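Structure first, commentary second.
The values are calculated or read from the model by the stated rules, or taken from the named source; none is laboratory data. These numbers come from a predicted model, not from an experiment. With ideal geometry, Cβ positions are generated from the backbone for all residues, glycine too; neighbour counts draw on all protein chains shown.
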Amino acid sequence: MLTVDSISKRFGGLTAVNSCSFTIEAQSITGLIGPNGAGKTTIFNVIAGAMKPDGGRIQFQGADITGRPAHKLFHLGIMRTFQIPQEFGAMSVLENLMLVPAEQAGENLFHALLSTKKVSLRDKEIRERAIDVLEFLRLTHVIDELAGNLSGGQKKLLELGRAMMADPDIVLLDEPGAGVNPTLLGDLAEMIERLNRERHYTFCIIEHNMDMIARLCDPVIVMVEGAVLMQGDMETVRADPRVLDAYLGGDVYVAPN
Ligand SMILES: Nc1ncnc2c1ncn2[C@@H]1O[C@H](COP(=O)(O)OP(=O)(O)O)[C@@H](O)[C@H]1O
Ligand SMILES: [Mg+2]
């Protein structure tokens, strides 16, 4: 269980997140929705250790993890993906995945501490994990392709793959469906479901595609102007007039049933 407790984050005079509180239950697929500028990505940045909050606390499985850097969160099993994929375009898909554990350990130190034999064993393990991840994501046919040459949707899968390399407990997905074609979107939703069911990943998903949220997420948390407006299952959220109001003037339409 991960708890966001009264988090605030300001950028100069702008309050992006305003005493925001919610809980991501273990084993859940929790949705985080809200109009553009609501503060969703900022909350992810705070949870994932990319930004320190101005106030409030983040707790994970009973421990205070507020402001802990990303490499420490990696070891706790907290991973995030980015709204805009962060692949290394000039490296192969396989190399992109194999980099993840090394990045976290600090590659030079990591290698200096191990004998050559251990390094090659560790490399073998990491390679095997990367291949397992690529098989799961059905990306083995592009294993040696430069990541920069992938389609937008494949780059999104690679983002998820980078998170999977950590064998995470909780994955924060920032708009995984953005720019992904409908077929691949269906595959992506199925992969998220399977990771949740079979590998017990907890997810928190920011997404504008309400069909995807409805299919995957319970509960759904609605953020508006830096705070939580309401939370419930998608039916309840859709039926709430305050949610429709919040989106009016925004670029997203929450279709009623
Ligand atoms: N690094 C930043 N510097 C300054 N302002 C930012 C920064 N990141 C986000 N903001 C502002 O904070 C508000 C919330 O942004 P964001 O968290 O990206 O919203 P969302 O992801 O819900 O669309 C917006 O007004 C945005 O312009
Ligand atoms: Mg965002």
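Structure data summary
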{"item": "Some residue of region 51-60 being of a type in the set (Gly, Ala, Ser), part of a loop (DSSP other than H, G, I, E, B) and away from ligand 2 (no atom under 16 Å from the Cβ)", "result": "no"}
{"item": "Residue match in region 21-29 (condition: assigned by TED's automatic domain parsing to the domain that holds GLU175, within 14 Å of ligand 2 (Cβ to nearest atom) and of a type in the set (Val, Ile, Thr))", "result": "no"}
{"item": "Filter pass, ASN45 being more than 16 Å from ligand 2 (Cβ to nearest atom) and assigned to a helix (DSSP H, G or I)", "result": "no"}
{"item": "Positions within region 196-222 being more than 16 Å from ligand 2 (Cβ to nearest atom) and part of a loop (DSSP other than H, G, I, E, B), in sequence order", "result": "ARG199, HIS200, TYR201, CYS217, PRO219"}
{"item": "Which listed residue, of ILE43, ILE47, ILE33, ILE29, is in contact with a Phe, Trp or Tyr (Cβ under 6 Å, 6 or more places away or on another chain) and either touching a residue at least 60 places away in the same chain (Cβ under 8 Å) or polar (S, T, N, Q) (or both)", "result": "ILE29"}
{"item": "Filter pass, GLN27 being in a loop (DSSP other than H, G, I, E, B), under 15 Å from the mean Cα position of the chain (by Cα), surrounded by fewer than 22 Cβ atoms within 10 Å (Cβ to Cβ) and within 16 Å of ligand 1 (Cβ to nearest atom)", "result": "no"}
{"item": "Scope region 154-183; condition more than 16 Å from ligand 2 (Cβ to nearest atom), modelled with pLDDT under 95 and surrounded by fewer than 19 Cβ atoms within 10 Å (Cβ to Cβ); matching residues", "result": "ASP167, ASN181, PRO182, THR183"}
